[in-house]
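The values are calculated or read from the model by the stated rules, or taken from the named source; none is laboratory data. Because the structure is predicted, anything quoted here is derived from the model rather than measured. Positions of Cβ are generated from backbone atoms using ideal geometry, with glycine treated the same way; all protein chains shown enter the neighbour counts. To get the accessible areas, we keep the full protein, side chains included, count just its heavy atoms, and leave off ligands, DNA and RNA. Shrake-Rupley method; radii C 1.70, N 1.55, O 1.52, S 1.80 Å.
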Amino acid sequence: MKQIIFPLLLLAATALNCTAQQPKQETYQQIDTVATVYMTRDISPESLVRIYKALGVKAKGRVAIKISTGESNKTNHLRPDFISPLVNEVNGTLVECNTAYGGSRSTTEAHMKAISERGYDKIAKVDIMDADGSMELPVRDTTWIKTNLVGSHLANYDFMINLAHFKGHQMGGFGGVLKNQSIGIASADGKAYIHTAGKQKTVEGMWKHVGNQDGFLESMASAAASVHDYFKQEGKDIVYINVMNNMSIDCDCNGNPQHPMIKDYGIMASTDPVALDKACLDVVFNYDSKEGDTAIPLQNRIKEMHGTLTVEHAAKIGLGSTKYKIVELK
């Protein structure tokens, strides 16, 4: 039987058929500009460095590289040998936060053991940002969450490369830079707060409050915006990269994911996280599927979980633009 990481995962699917009470609507300044999304079909360590440089935003100060360290060696997380040249290029620290669902990374001690087993500590310093608890970031959108609880060590960094593996997700439908920046940078308690759409601020008992699927997706957008705002302060900055390989319908938080049905596509990057995730979604939904290389399972996972709502809400609250142009690196 296929392993399921989330103990009450079906609650999210059930929630799609439920009508949650909607809070008051807020007004936001939306972005209507055309963002640039860089793309290369070559998935290699060298191309990862090239696409970072193409963004034209030089890393400065104390540099955090947000990755997922993966729930097991079976998952499709980005491997150390693939990211190592980029890490060296910017003299970065790999950053993560503990999980809220048990598993191999739910405590700092266990997480560091998993990181060592996967070899990340051999290429760079690794920081579990919520090892000393949470810090609060203000949110521009208070529809569901009133604050964003992130790992307290986030305050130690001046620059972030949000380096995400684009794939499906059991609850979010898909995971790209918005997911990597929301529940990825949230502390374990912050993850509980986002998953429960503002109902629960601690991991203990969180699964009893999971069920507002659209609220969860919109909370992810709100949390991602708060981190973006934090790094847009004077003296700080942030850039975004999605690696479209090993695109299972399951997230890297699933220790036994389904085998990818769609072939590897490439690497995309932007300074606009909304445009970047939208461009990657467009690749998936416009894919020329054929036997042995089909995007249909991933498309269905995203549709079933209302996954595109995260991007739509992020655009609604002014995090970025859904309009973009592709610049291919030759």
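Values computed for the structure shown
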item: Fraction of antiparallel bridges per DSSP, the range 125-257 only, in percent to nearest 5; result: 55
item: Cα pair distances in the chain, grouped into 10 Å bins until the bin that holds the longest one, percent each; result: 6, 29, 39, 23, 3, 0
item: Equivalent ellipsoid semi-axes - Cα gyration tensor, the range 58-162, angstrom; result: 23, 19, 12
item: The chain, accessible surface, carbon-and-sulfur percent (1.4 angstrom probe); result: 49
item: Kyte-Doolittle mean at least -0.5, axial Cα span of 24 Å or more - DSSP H helices of the chain; result: 213-231
item: Among 116-123, 84-91, the order from most to least packed when residues are scored by Cβ within 10 Å on average; result: 84-91, 116-123
item: Accessible area of the chain divided out per residue, in Å², using a probe of 1.4 angstrom; result: 40
item: Sequence ranges 240-248, 31-39, ranked by mean other-Cβ count within 10 angstrom, highest first; result: 240-248, 31-39
item: P(r) tail fraction, the range 20-118 - alpha-carbon pairs more than 21 Å apart, %; result: 54
item: Within the chain, helix-based [θ] at 222 nm, where runs of 4 or more DSSP H residues each add -39,500 (n - 2.57), nearest 500; result: -9000 deg cm²/dmol
item: Cα gyration tensor shape for the range 187-330, rounded if a/c is under 1.5, else prolate or oblate; result: oblate
item: Peptides ranked, highest mean first, by Cβ atoms within 10 Å: ranges 130-136, 289-295; result: 130-136, 289-295
item: For the range 104-198: rounded, prolate or oblate by the Cα gyration tensor [a/c cutoff 1.5]; result: prolate
